[in-house]
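Okay, so here's the structure we're looking at.
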Amino acid sequence: MPAATASRSATRPAFRIAINGYGRIGRCYLRALHEAGLGGQFRVVAINEPADLASIAYLTRFDSTHGRFPDAVDCTEDTLIVAGQSIVVSHAHTPEEVDWAALEIDLLVECSGQYGGRSELKRFLDAGCPRLLLSHPGNGAEDVDATVVFGINHGELDGREGLVSNASCTTNAVVPVLDLLHRAIGIEQALLTTLHSAMNDQPLIDGYHHTDLRRTRSAMQSIIPVSTGLARGVERLLPQLAGRVKAKAIRVPTHNVSAIDMVLTLARDIEPGEVNRLLREAAGGCYRGLIAYSDEAHASIDFNHDPHSAIVDGGQTHSIGPRMVNLMVWFDNEWGFASRMVDVTRHWLDIAGPAVADSN
């Protein structure tokens, strides 16, 4: 994998991390740190989540998608205890309600999804957060200091950033594949259709749940087209493809794992076997850990809890004329994305160093 070898010096304590918004991605992020064995280097010391602590502890222990937490989880009056480590829990609704400076954190991971503009995000910095890593894109490129897809442009971080976005799960899935093929062959046009599992902005039954009328319909009873900013996200990361990418998204009634159907017009004639060979070699080489490749007969559930950004389904690669290729790319929209957030955390803190000096 394009890996970051991050850690403080052995004489320093672990980097201190806080999580704001402890929903699907917040919980996956904490668990991904734990399952990667990084607790000695990166310690979650605080969580801000409006929900009550008993529910927080319960949903950390038991997860319908990813199974039981692989270590002990408990709680006291105001503390979540995970694998023997204490995490202070607050229940604030605004950035200013938490004394972030007193927590002496090196990084806040913003997973609530409620803040996207620079003025909104800066409220965390003004309230004492040294750095903010977003689990979603900023409203615009100018609203963050950098938008990062690990393995593509994480090397552009220099440690002086205050606001960094981890882009979106779909952007993390599609950009490595497009980057590879554009470098190797050239892409003239790309039409991307995301088949995304249901999300919490949809109701289980019809209800007044969203201003997008389609999202007022039951997530479990219909295939539902929704808007997407994927094309904008791709062009933000791969400006050489500006004006060449269109995207649409369809929500499907599954609980996790999504797919992207890619129709690409390439810059030269090519056979499907050559495309698959390039992707298979990249999965075992320069894109190891980001892209995986398989020729087996798959269903989406096969990739639940898969940490890759994208899994190319080689059996679904087709040609449509000499220069048009159709690909199917799977991705765990929760676990794969949370795993990339951990990668960005490691790399960013490695080059930035601790935000608070040791008191020793």
Does S319 qualify as being in the same structural domain as A190 (by TED's automatic domain parsing), out of contact with any Gly (no Cβ under 6 Å at 6 or more places or on another chain) and of a type in the set (S, T, Y)?
yes
So I270 passes all but one of these: (1) modelled with pLDDT under 95; (2) within 23 Å of P137 (Cβ to Cβ). Which condition number does it fail?
(2)
Can you tell me how many residues in the stretch 42-101 are in contact with a strand residue (DSSP E or B) (Cβ under 7 Å, 6 or more places away or on another chain), in a loop (DSSP other than H, G, I, E, B) and either without any contact (Cβ under 8 Å) to a residue 12 or more places away in the chain or small (G, A, S) (or both)?
1
If you go through the stretch 104-144 one residue at a time, how many are modelled with pLDDT of 95 or more, part of a helix (DSSP H, G or I) and surrounded by fewer than 19 Cβ atoms within 10 Å (Cβ to Cβ)?
7
Which listed residue is under 25 Å from H66 (Cα atoms) and more than 22 Å from the chain's Cα centre (by Cα), from D269, D306, D295:
D295
Looking at (1) assigned to a helix (DSSP H, G or I); (2) closer than 19 Å to F331 by Cβ, which is the only condition G155 fails?
(2)
Does E96 meet the test of being surrounded by fewer than 16 Cβ atoms within 10 Å (Cβ to Cβ), in contact with a Ser or Thr (Cβ under 9 Å, 6 or more places away or on another chain) and not small (G, A, S)?
no
Which residue pairs have Cβ atoms under 8 Å apart, sit 6 or more places apart or on different chains, and have a first residue in the stretch 334-357 that is closer than 30 Å to I301 by Cα and a second that is among the charged types (D, E, K, R) and assigned to a helix (DSSP H, G or I)?
E334/R24; A338/R31
Can you tell me which residues in the stretch 207-224 are in contact (Cβ under 8 Å) with a residue 12 or more places away in the chain and either β-branched (V, I, T) or over 17 Å from S197 (Cβ atoms) (or both)?
D212, T216, I223, I224
Counted residues, the stretch 318-353 - those being in contact with a helix residue (DSSP H, G or I) (Cβ under 8 Å, 6 or more places away or on another chain), in a strand (DSSP E or B) and either modelled with pLDDT of 95 or more or not polar (S, T, N, Q) (or both):
8
Considering only the stretch 192-223, how many residues are crowded, with 16+ Cβ neighbours inside 10 Å, of a type outside the set (G, A, S) and within 26 Å of N166 (Cα to Cα)?
7
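The values are calculated or read from the model by the stated rules, or taken from the named source; none is laboratory data. Keep in mind that what you see is a predicted model, and the values were worked out from it rather than measured. With ideal geometry, Cβ positions are generated from the backbone for all residues, glycine too; neighbour counts draw on all protein chains shown.
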